[in-house]
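The values are calculated or read from the model by the stated rules, or taken from the named source; none is laboratory data. Here the structure is a predicted model, which is why all the values come from computation and not from measurement. Here the Cβ positions follow ideal geometry from the backbone for every residue, glycine too, while neighbour counts run over all protein chains shown. What goes into the accessible areas is simple: the full protein's heavy atoms, side chains included, and nothing from ligands, DNA or RNA. Shrake-Rupley method; radii C 1.70, N 1.55, O 1.52, S 1.80 Å.
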Amino acid sequence: FCFNHPRFGIPNLMLWVVIGHALVFVMDLFSNGTFSGILTFVPGLILRGQVWRLLTFVFVPAFSNNIIFFLISAYFYYFVGTRLEQQWGTTRFNVFYLSGVVLSIIVGLLAGLVGGGMVPTATMEYVNLSLFFAFASLFPDMVVLLFFVLPVKVKWLAYLDAALFAYAVFTSGWPLLLLPIVAVVNYLIFC
(Lines give C-alpha, C1' and ligand atoms only; values in the text may rest on other atoms or scores of the structure.)
Protein backbone atom coordinates (compact mmCIF):
# COMPACT_ATOMS: atom_id res chain seq x y z
CA PHE A 1 0.00 0.00 0.00
CA CYS A 2 1.01 3.61 -0.32
CA PHE A 3 2.95 5.25 2.50
CA ASN A 4 1.55 8.60 1.41
CA HIS A 5 -2.09 7.73 2.11
CA PRO A 6 -3.49 10.90 3.71
CA ARG A 7 -5.85 9.25 6.20
CA PHE A 8 -3.92 6.23 7.38
CA GLY A 9 -2.16 6.42 10.70
CA ILE A 10 -2.32 8.21 14.00
CA PRO A 11 -0.85 11.72 13.83
CA ASN A 12 1.65 12.40 16.64
CA LEU A 13 1.76 8.71 17.58
CA MET A 14 4.78 9.11 19.85
CA LEU A 15 3.03 11.88 21.77
CA TRP A 16 0.21 9.44 22.57
CA VAL A 17 2.70 6.70 23.48
CA VAL A 18 4.57 9.06 25.82
CA ILE A 19 1.30 10.24 27.39
CA GLY A 20 0.45 6.57 27.97
CA HIS A 21 3.89 6.03 29.54
CA ALA A 22 3.32 9.02 31.82
CA LEU A 23 -0.11 7.81 32.93
CA VAL A 24 1.23 4.34 33.73
CA PHE A 25 4.21 5.87 35.57
CA VAL A 26 1.89 8.00 37.74
CA MET A 27 -0.42 5.05 38.40
CA ASP A 28 2.62 2.97 39.39
CA LEU A 29 3.55 5.64 41.93
CA PHE A 30 0.12 5.31 43.55
CA SER A 31 -0.09 1.51 43.29
CA ASN A 32 3.44 0.70 44.40
CA GLY A 33 4.32 -0.58 40.92
CA THR A 34 1.46 -3.04 40.56
CA PHE A 35 -0.38 -1.13 37.84
CA SER A 36 2.31 -2.03 35.29
CA GLY A 37 1.82 -5.66 36.23
CA ILE A 38 -1.78 -5.46 35.05
CA LEU A 39 -0.67 -4.14 31.66
CA THR A 40 2.46 -6.18 30.86
CA PHE A 41 2.53 -8.84 28.16
CA VAL A 42 2.08 -12.23 29.86
CA PRO A 43 1.03 -14.88 27.30
CA GLY A 44 -0.56 -17.23 29.85
CA LEU A 45 -2.83 -14.47 31.13
CA ILE A 46 -3.66 -13.31 27.60
CA LEU A 47 -4.78 -16.85 26.73
CA ARG A 48 -6.96 -16.84 29.87
CA GLY A 49 -8.89 -13.82 28.61
CA GLN A 50 -6.82 -10.77 29.57
CA VAL A 51 -6.58 -9.68 25.94
CA TRP A 52 -5.98 -6.01 26.79
CA ARG A 53 -2.36 -6.98 27.45
CA LEU A 54 -1.89 -7.36 23.68
CA LEU A 55 -2.00 -3.56 23.42
CA THR A 56 -1.36 -2.14 26.87
CA PHE A 57 2.21 -3.44 27.10
CA VAL A 58 3.09 -0.66 24.64
CA PHE A 59 2.46 1.88 27.41
CA VAL A 60 4.53 0.25 30.15
CA PRO A 61 7.60 2.48 30.58
CA ALA A 62 11.07 0.96 30.70
CA PHE A 63 12.07 3.12 33.69
CA SER A 64 9.14 2.91 36.07
CA ASN A 65 11.09 3.26 39.32
CA ASN A 66 13.22 6.36 38.68
CA ILE A 67 11.61 9.66 37.74
CA ILE A 68 14.79 11.17 36.26
CA PHE A 69 15.42 8.24 33.89
CA PHE A 70 11.72 8.12 33.07
CA LEU A 71 11.63 11.81 32.11
CA ILE A 72 14.80 11.52 30.01
CA SER A 73 13.53 8.42 28.18
CA ALA A 74 10.07 9.93 27.62
CA TYR A 75 11.58 13.09 26.16
CA PHE A 76 13.99 11.03 24.06
CA TYR A 77 11.22 8.82 22.59
CA TYR A 78 9.09 11.87 21.87
CA PHE A 79 11.97 13.78 20.25
CA VAL A 80 13.11 10.89 18.07
CA GLY A 81 9.59 9.75 17.17
CA THR A 82 8.37 13.18 16.12
CA ARG A 83 11.49 13.80 14.02
CA LEU A 84 10.98 10.48 12.24
CA GLU A 85 7.31 11.24 11.66
CA GLN A 86 8.21 14.66 10.23
CA GLN A 87 10.81 13.11 7.94
CA TRP A 88 8.86 10.01 6.82
CA GLY A 89 5.28 11.15 7.15
CA THR A 90 2.60 9.89 9.52
CA THR A 91 1.71 6.75 7.59
CA ARG A 92 5.23 5.39 7.16
CA PHE A 93 6.15 6.12 10.76
CA ASN A 94 2.96 4.45 12.02
CA VAL A 95 3.59 1.36 9.89
CA PHE A 96 7.19 1.22 11.17
CA TYR A 97 6.17 1.46 14.81
CA LEU A 98 3.11 -0.76 14.58
CA SER A 99 4.99 -3.47 12.67
CA GLY A 100 7.48 -3.46 15.54
CA VAL A 101 4.56 -3.91 17.94
CA VAL A 102 3.13 -6.81 15.91
CA LEU A 103 6.53 -8.52 15.65
CA SER A 104 7.00 -8.14 19.41
CA ILE A 105 3.58 -9.69 20.01
CA ILE A 106 4.42 -12.66 17.78
CA VAL A 107 7.77 -13.23 19.51
CA GLY A 108 6.15 -12.75 22.93
CA LEU A 109 3.51 -15.38 22.17
CA LEU A 110 6.17 -17.75 20.84
CA ALA A 111 8.24 -17.23 23.99
CA GLY A 112 5.16 -17.89 26.08
CA LEU A 113 4.58 -21.20 24.35
CA VAL A 114 8.19 -22.25 24.93
CA GLY A 115 8.59 -20.91 28.45
CA GLY A 116 5.32 -21.83 30.12
CA GLY A 117 3.53 -18.54 29.55
CA MET A 118 3.32 -17.00 33.02
CA VAL A 119 6.25 -14.56 32.79
CA PRO A 120 6.35 -11.29 30.84
CA THR A 121 7.81 -12.02 27.41
CA ALA A 122 7.37 -8.96 25.22
CA THR A 123 8.32 -5.36 25.84
CA MET A 124 8.66 -2.28 23.70
CA GLU A 125 12.25 -1.71 24.82
CA TYR A 126 13.87 -2.91 21.59
CA VAL A 127 11.28 -1.38 19.28
CA ASN A 128 11.82 1.97 20.98
CA LEU A 129 15.59 1.55 20.75
CA SER A 130 15.26 0.71 17.06
CA LEU A 131 13.68 4.15 16.63
CA PHE A 132 17.12 5.49 17.44
CA PHE A 133 18.70 3.44 14.64
CA ALA A 134 16.27 4.99 12.18
CA PHE A 135 16.94 8.45 13.61
CA ALA A 136 20.71 7.94 13.39
CA SER A 137 20.36 6.80 9.77
CA LEU A 138 18.59 10.02 8.87
CA PHE A 139 20.57 12.43 11.08
CA PRO A 140 24.01 10.86 11.70
CA ASP A 141 25.87 14.13 12.24
CA MET A 142 23.37 15.74 14.59
CA VAL A 143 25.01 16.57 17.90
CA VAL A 144 23.21 15.81 21.16
CA LEU A 145 24.31 16.56 24.70
CA LEU A 146 24.97 13.31 26.52
CA PHE A 147 24.11 13.78 30.22
CA PHE A 148 23.19 17.36 29.18
CA VAL A 149 26.90 18.18 29.04
CA LEU A 150 28.95 16.10 26.57
CA PRO A 151 28.39 16.87 22.88
CA VAL A 152 28.23 13.60 20.92
CA LYS A 153 27.24 12.88 17.34
CA VAL A 154 24.19 10.66 16.99
CA LYS A 155 26.08 8.11 14.89
CA TRP A 156 28.40 7.32 17.82
CA LEU A 157 25.43 6.77 20.10
CA ALA A 158 23.98 4.46 17.43
CA TYR A 159 27.11 2.32 17.68
CA LEU A 160 26.53 2.10 21.43
CA ASP A 161 22.90 1.17 20.71
CA ALA A 162 24.12 -1.57 18.34
CA ALA A 163 26.40 -2.91 21.09
CA LEU A 164 23.40 -3.06 23.46
CA PHE A 165 21.44 -4.99 20.87
CA ALA A 166 24.32 -7.44 20.33
CA TYR A 167 24.69 -7.91 24.08
CA ALA A 168 20.96 -8.62 24.38
CA VAL A 169 21.10 -11.21 21.61
CA PHE A 170 24.04 -13.04 23.19
CA THR A 171 22.75 -12.95 26.77
CA SER A 172 19.05 -13.68 26.19
CA GLY A 173 17.71 -17.17 26.06
CA TRP A 174 15.68 -18.68 23.27
CA PRO A 175 13.21 -17.32 22.03
CA LEU A 176 13.58 -13.95 23.83
CA LEU A 177 16.74 -13.29 21.84
CA LEU A 178 14.38 -12.77 18.91
CA LEU A 179 13.04 -9.49 20.39
CA PRO A 180 16.17 -7.44 19.57
CA ILE A 181 16.59 -9.31 16.29
CA VAL A 182 13.07 -8.52 15.04
CA ALA A 183 13.49 -4.89 16.08
CA VAL A 184 16.64 -4.66 13.94
CA VAL A 185 14.91 -6.48 11.07
CA ASN A 186 12.05 -3.99 11.32
CA TYR A 187 14.59 -1.17 11.11
CA LEU A 188 16.32 -2.75 8.10
CA ILE A 189 13.01 -3.11 6.27
CA PHE A 190 12.21 0.58 6.65
CA CYS A 191 15.67 2.08 6.34
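In this structure, does V102 turn out to be open to solvent by 40 Å² or more (accessible area, probe 1.4 Å), assigned to a helix (DSSP H, G or I) and over 21 Å from P61 (Cα atoms)? Considered against the rule, which asks whether it is open to solvent by 40 Å² or more (accessible area, probe 1.4 Å), assigned to a helix (DSSP H, G or I) and over 21 Å from P61 (Cα atoms), V102 comes out as no. Taking the criterion of being outside any helix (DSSP H, G or I) and either closer than 13 Å to N12 by Cβ or at pLDDT 90 or above (or both), the residues of the range 50-94 that qualify are Q50, V51, W52, V60, G89.
Looking only at the range 162-180, residues that are at pLDDT 85 or above and within 27 Å of T90 (Cα to Cα) come to 1 in all. Looking at L160, is it in a helix (DSSP H, G or I) and touching a residue at least 60 places away in the same chain (Cβ under 8 Å)? So L160 does not fit the description; no. Of all residues in the range 84-94, which are open to solvent by less than 30 Å² (accessible area, probe 1.4 Å) and either under 11 Å from the mean Cα position of the chain (by Cα) or not hydroxyl-bearing (S, T, Y) (or both)? Selection gives L84, E85, G89, F93, N94. Screening the range 144-173 for residues that are among the aromatic types (F, W, Y) and open to solvent by 80 Å² or more (accessible area, probe 1.4 Å) and picking the one that is farthest from the chain's Cα centre (by Cα) gives F148. Looking at D141, is it open to solvent by 70 Å² or more (accessible area, probe 1.4 Å) and among the charged types (D, E, K, R)? Yes, satisfied. The set of residues in the range 105-141 that are within 18 Å of G20 (Cα to Cα) and in a helix (DSSP H, G or I) comprises E125, Y126, V127, N128, L129, L131.
One line per residue, one yes/no per condition, for (1) polar (S, T, N, Q); (2) open to solvent by 30 Å² or more (accessible area, probe 1.4 Å); (3) without any contact (Cβ under 8 Å) to a residue 40 or more places away in the chain; (4) over 22 Å from A134 (Cα atoms):
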site	(1), (2), (3), (4)
I10	no, yes, no, no
V18	no, no, no, no
V26	no, yes, yes, yes
G33	no, yes, yes, yes
G44	no, no, no, yes
L47	no, yes, no, yes
V51	no, yes, yes, yes
Y78	no, yes, no, no
T82	yes, no, no, no
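For the range 163-191, the set of residues classified as part of a loop (DSSP other than H, G, I, E, B) and closer than 15 Å to M124 by Cα consists of L176, L177, listed by residue number. If I filter the range 7-20 for residues that are closer than 17 Å to A122 by Cβ, outside any helix (DSSP H, G or I), over 16 Å from the mean Cα position of the chain (by Cα) and of a type in the set (A, V, I, L, M, F, W, C), do I get at least one hit? So far as the range 7-20 goes, no, none of its residues is closer than 17 Å to A122 by Cβ, outside any helix (DSSP H, G or I), over 16 Å from the mean Cα position of the chain (by Cα) and of a type in the set (A, V, I, L, M, F, W, C).
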